[in-house]
Amino acid sequence: MAAIKAETANQQLEMNAVVNGGAGFDPSMWRDFFVVEERMRARAERLAGEVRRRMFAAGRGNGDGEGRVTMSVAEAATLVDTLERLGLDGHFRHEIGVLLGRLRREEADFAGSDDDLHTAALRFRLLRQHGVWVSADVFDKFRDGSGSFSSSLRDDPKGLLSLYNAAHMAAPREIALDDIIAFARCHLKALSMDGELKSPLAEQVSRALDIPLPRFPRRLETMSYLVEYEQEDEHDDMLLELARLEFELARCLHLEELKALSLWWRELYESVKLSYARDRLVESYFWTCGVFHEEEYSRARIMFAKVFGLLSLMDDTYDVHATLEECYKLNEAIQRWDEGAISILPEYLRMFYIKLLSNFDELEASLEPHEKFRVSYAKNAFKLSSEYYLREAKWSNTKYMPSFAEHLEVSVMSSGFPMLAPVVLMGVHDDAAVATAAAFEWATAAGVPDVVIAASGEVARFLNDIASHRVGKNEKDVPSSVESYMAEHGVGEEAALAAVAAMAEHGWRTINRALMEMDPGLLPAARLIVNLTRTLEVIYLGGRDGYTFGGDIKGLVVSLFLDPVAIIRI
């Protein structure tokens, strides 16, 4: 397996050198080699308890969990950031909540202050990421008399990186944060090109210049940060060991799920015989792990990956193969959602339809009685997607060029996000207070997407269309938003691509603002949708399409599921 398992295996095999007293036989070569996972889990549980006692219990006294009353702003912010980037926040949700509550208070409540750029930026980003509004005025102290940022900040690359990442939590029309992004990016690129940055900061800057930290998939960040954190002078060996164990334990489970899903998909794909459709189970599971990677989300991952695969088959049928008449028939059958509708379908789509209905029945059967209502939300969303796929098929078959506004009305819905929102929640165990009845109502909103879901759909649509414009289109593809923008505004492709990219950026800012304004009870569900959106940034990085052309992200897939923990290249 990875480095931890290899080391443990070697320790077990070395026991062969020990002579079995009196029996005349060598001892077992293997000892506990095949139960190493259980040993890892037990060790992780012990370490988590020790970390909690050592980092949070000291000075607690009153039992409120705050701990370490002398912790400064810098220490509190750094600890929260470290736990989250190492993927350990699931162990310490309460403690992180307490620290964030302290970070919200006035500086006078702390033993330290946040006068340094790194701490001010880190505090700003963490609070905004957790749904707390913080004014961008906190950065005014770093400006000179003319209102510009001091050029001396170039000598603080760590602070610049934190400032750059923080500024990407901007809401719409926060011009001050636009200026910060431009300033920080310019200096970080120069420092990077000049070779002035040392490891691990050099790798972190390179990664952020591609995808800023607030938009980078958390699981991939953990995979990189496990290596980088060890290089930091003040790293904690106990935290590092715990993080490595947790990463490997989750990866063990991911591999088991991937095997089960691969067997399911192979049977499905070969039985429906839709050879024109993308065979992308592994890539879709990679995407799934970007939404939720923790062990407690195992059921949710499996259910999401299955529905994602079924949706992809339907999408490709509408997009690249079916005639317009066949599209009408498929949509009619989807809306009826009944085995009696099989007869209206062309022969080649009947097995797909049978498998679609039977798989949803199986998903419903896997839910607890009080959870079964969730499937109706997913079915309705699937039906709605079919309606919008049909509208796009009409455009394609009639060579219709929609206006830009008309295009967005349809294509944001067909991006998959409005349909996938309830599917993300469908398999989540309700003891986590994520998949509540209110969350399902929020995720569907009577057919009108919530702001977070709609903006995520915009990001998905724009990134997808930028990629498809660059890699080329299929003959039956509907005009993209880039083409609609070019036709409506009379501009060339570079101007249109820049405009659409700016709209994707605006979508992210809309998401940022919405998370800071929404009902806190819905935040856990909304964050899963944001995680889905984060993975888009990797899938479509640099105009590639890592789902359609799986080779583009093959290295990432191998790193995430097969390689020992190592620095990744996105």
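The values are calculated or read from the model by the stated rules, or taken from the named source; none is laboratory data. These numbers were taken from a predicted model, which means no experiment stands behind them. FYI the Cβ positions are ideal-geometry reconstructions off the backbone, even for glycines, and counts take in every protein chain you see. To get the accessible areas, we keep the full protein, side chains included, count just its heavy atoms, and leave off ligands, DNA and RNA. Shrake-Rupley method; radii C 1.70, N 1.55, O 1.52, S 1.80 Å.
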To the nearest 10 Å², what's Ser385's accessible area with a 1.4 Å probe? 0 Å²
Over the range 240-562, what number does the Rg to Rh ratio reach, with both radii from the alpha-carbon atoms and Rh per Kirkwood? 0.95
For peptides 452-462, 163-173, sequence by mean Cβ density within 10 Å, most packed first: 452-462, 163-173
Measuring from its Cα centre, the chain shows a charge dipole (+1 at each Lys and Arg Cβ, -1 at each Asp and Glu Cβ) which, in debye to the nearest 20, is 520 debye
Per-residue accessible area, 1.4 Å probe, largest first, puts Ile539, Ile354, Ile344 in the order Ile354, Ile344, Ile539
Give the relative contact order (percent, whole number) for the chain; include only Cα pairs under 8 Å separated by 6+ residues. 16 percent
Over the alpha-carbon set of the range 246-317, work out the extent along each principal axis and list the three values in angstrom, largest first. 39, 19, 16
Rank Asp316, Asp477, Asp430 by accessible area, highest first, at a 1.4 Å probe radius? Asp430, Asp477, Asp316
Taking Lys383 as the anchor, which lysines have their alpha carbon closer than 23 Å to its alpha carbon, excluding any fewer than eight residues away along the same chain? Lys273, Lys306, Lys329, Lys355, Lys372, Lys394, Lys476
Over the heavy atoms of Glu441, what accessible area does a 1.4 Å probe trace out, to the nearest 10 Å²? 100 Å²
Measure of compaction for the chain (Cα Rg per 2.2 N^0.38 Å): 1.04
With every protein chain in place, what's the accessible area of Glu246 (1.4 Å probe, Å², nearest 10)? 40 Å²
Excluding His506 itself, calculate the net charge of residues whose Cβ lies under 12 Å from the Cβ of His506, where each Lys or Arg counts +1 and each Asp or Glu counts -1. -1
